[in-house]
Amino acid sequence: MLVEIIQGSEGGGLVVIKDSAECDGRSLLKGFIKAAVLRNEPVHVLGFEVSEDELCTGLDSGPASRLVFHDGYSDPLQWLGQGKLSVQDYSAQNMRNRISQSDDPKVVTLVIDSLSWLLLHTPPTAVCQSLQELSRGGLKVKRVVALLHSDLHEQGVVGSVCHMATAVVTVTPVSGSVSAEAEPNGIVRTLLRRKTGRVSREEECYSVREDFSVQILRDLSTRKQPAPDSRGETKQDDPAANLTFNLRLSEDERRARENLSLPFTFSEEKKSSLLQPRSGGGRILYEPDASDDFDQEDPDDDLDI
Amino acid sequence: MTTKCSHARCAFSAGCRVCVLGLVQSFSHYSAVGQRLGVSLPQAREKGQLVFLEGLRGSLDVLLQDGPIPDTAQPLGFLRSPVPELRGLFEFVQSSLSSTEEEVAAWGPPVLIVDDLSVLLSLGVSPGAVLDFMHYCRVAVCSRMQGNMVTLVHNEEEELGDEDSELLLRSLTHQSSLTLQVQGLATGYCRDIHGQMELRWRGGSQGRPGRDQVKLFQYKVQDKGVSFFARGTSSAVL
């Protein structure tokens, strides 16, 4: 499902990539950018967190040149007076005006790097409102793809932003190796809200190649194969292997163990030995004394019938 | 402390210009540690290779004196402000490390060392303001001057629930290409092993794809440096 979302066949509107300090999501964001550029779609990037050079590193010169970078990184708070994009300038209307300044008549993919930067400087309500307006479609913006560092905000804020998204892609770390072809970058959990109202969820192990194309290594949704964990094993190891003592049984030992009857098992032999009378052994001699002879119908023993 | 001076020593030997924001110790303290590592900080300062901000002395000038703030203490002017902003401190960093073309040819890429950021939170600066300061330093030092930044953040135990400190640490982890997490041994005090250090190279830093690479070392602080070794290979054990 991740590949369909990256290719644009699913998840128009707003796509949110959620990452954390343990697992970086910017590589996946660049995967989205590259795929859009290869489809000849104009891509406008609102860059607040990394420079244009760093964002374009690894992208071929062709895709990099078709990218329009709105520089909110160099002077976002106007300390240097360079007249670049600042945090105060951010609003849906201003962004549309900036995009319209480019001569390209096609609708664009707008990439926001990152929403966390905006949320730390602008009230969340304003950010959500602007995202809603931008991702509503039409008026030059086909799709908005945004990166969000989920561990920098309260749960409510992250939840509010993701609630508006058509697709939420959450990346989590993975250790160990999944396939011989490539080292996985992480595990991605995708949530897609389709136009029909149905919500689909999938979990996949992914890898981002050097050229920022995204490869799915394994589909973990069906849970037929467990996700690799830090123990790194996907099949049972024989616990009796590699020991300095012997835990295995030979054939004779195995047969002797099977033939052994346990002491409290009620087998046929035991039953017959109990039922057969044995001479001299096990006789019970009972001599009732006066208090044992208890007649239910005459408890005081004074009836003379 | 020793690690920061080791960074400085490497920078000096590479001929780089170094700016140190010393907010928790005086210059003489760093100088004494540097001497043990074989680096003369007073000499580097005289040569112009080292720019040192005396945070402790400067803060007294700002807080205890009435009247205008002296020029030497301008970077610490935020201490008097009701809503502290670190723009002055950034301007100090920028002016210290900006070089003419001849100086660029003479010195290598600059290094900024901040010791430390947690004390700024204690002084009433919001984590947002600290992050803005770090952002501008990154723009100036890393992107424009192709230099490096080293900073220290204290991470208290999670039970203490210092949200500002955690937010600062997580944000900086997102932005850093290398994180060194230093902590004591889980088993307690050991005479020959003073602690362990986790090195995490952030996947996706410098614009390249990849996942985080994590390595764990143990270390022992010695008189003239720090020795690192893999877990279980301390000289006390082998």
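In segment A:78-90 there is at least one residue that is β-branched (Val, Ile, Thr) and within 24 Å of residue A:20 (Cβ to Cβ). The set of residues in segment B:169-224 that are touching a Leu at 6+ places or on another chain (Cβ under 8 Å), in a loop (DSSP other than H, G, I, E, B) and at the interface with chain A (Cβ under 9 Å from one of its Cβ atoms) contains only B:202. Taking only pairs six or more apart or across chains, which ones have beta-carbon atoms under 6 Å, a first residue in segment A:168-185 that is within 11 Å of chain B (Cβ to nearest Cβ), and a second residue that is modelled with pLDDT under 60? From segment A:168-185, the pairs are A:175/A:230; A:184/A:178.
When segment A:157-174 is filtered for residues that are in contact with a Gly (Cβ under 7 Å, 6 or more places away or on another chain), open to solvent by less than 10 Å² (accessible area, probe 1.4 Å) and of a type in the set (Val, Ile, Thr), only A:171 remains. Annotation: of all residues in segment B:133-166 being over 26 Å from residue A:73 (Cβ atoms) and acidic (Asp, Glu), the one that is modelled with the highest pLDDT is B:163.
Being out of contact with any Phe, Trp or Tyr (no Cβ under 8 Å at 6 or more places or on another chain), closer than 19 Å to residue A:187 by Cβ and either touching a residue at least 12 places away in the same chain (Cβ under 8 Å) or crowded, with 20+ Cβ neighbours inside 10 Å (or both) is the requirement here; does residue A:69 meet it? Considered against the rule, which asks whether it is out of contact with any Phe, Trp or Tyr (no Cβ under 8 Å at 6 or more places or on another chain), closer than 19 Å to residue A:187 by Cβ and either touching a residue at least 12 places away in the same chain (Cβ under 8 Å) or crowded, with 20+ Cβ neighbours inside 10 Å (or both), residue A:69 comes out as no.
Out of A:86, A:102, A:65, A:61, one residue alone is hydroxyl-bearing (Ser, Thr, Tyr) and closer than 30 Å to residue B:93 by Cα. It is A:86.
Scanning segment A:73-97 for residues that are closer than 20 Å to residue A:135 by Cα and small (Gly, Ala, Ser) gives A:91, A:92. Being closer than 21 Å to residue A:16 by Cβ, out of contact with any strand residue (DSSP E or B) (no Cβ under 8 Å at 6 or more places or on another chain), surrounded by 14 or more Cβ atoms within 10 Å (Cβ to Cβ) and modelled with pLDDT of 90 or more is a description that applies to residue A:120.
Of these, B:38, B:67, which one is over 19 Å from the mean Cα position of the chain (by Cα), at pLDDT 80 or above and assigned to a loop (DSSP other than H, G, I, E, B)? Show your work before the answer.
Working: B:67 fails: at pLDDT 80 or above.
Only one candidate qualifies: B:38.
Among the residues of segment A:97-131, which ones are part of a helix (DSSP H, G or I), among the small types (Gly, Ala, Ser) and away from every other protein chain (no Cβ under 14 Å)? Passing the criteria: A:100, A:126, A:130.
Of the residues A:54, A:49, A:4, which single one is open to solvent by 20 Å² or more (accessible area, probe 1.4 Å) and touching a Ser or Thr at 6+ places or on another chain (Cβ under 6 Å)?
Exactly one residue qualifies, and that residue is A:49.
The values are calculated or read from the model by the stated rules, or taken from the named source; none is laboratory data. These figures come from a predicted structure and were not determined experimentally. Every residue, glycine among them, receives a Cβ derived from its backbone with ideal geometry; neighbour counts consider all protein chains shown. Surface areas here come from the heavy atoms of the whole protein model, side chains and all, with no ligands, DNA or RNA. Shrake-Rupley method; radii C 1.70, N 1.55, O 1.52, S 1.80 Å.
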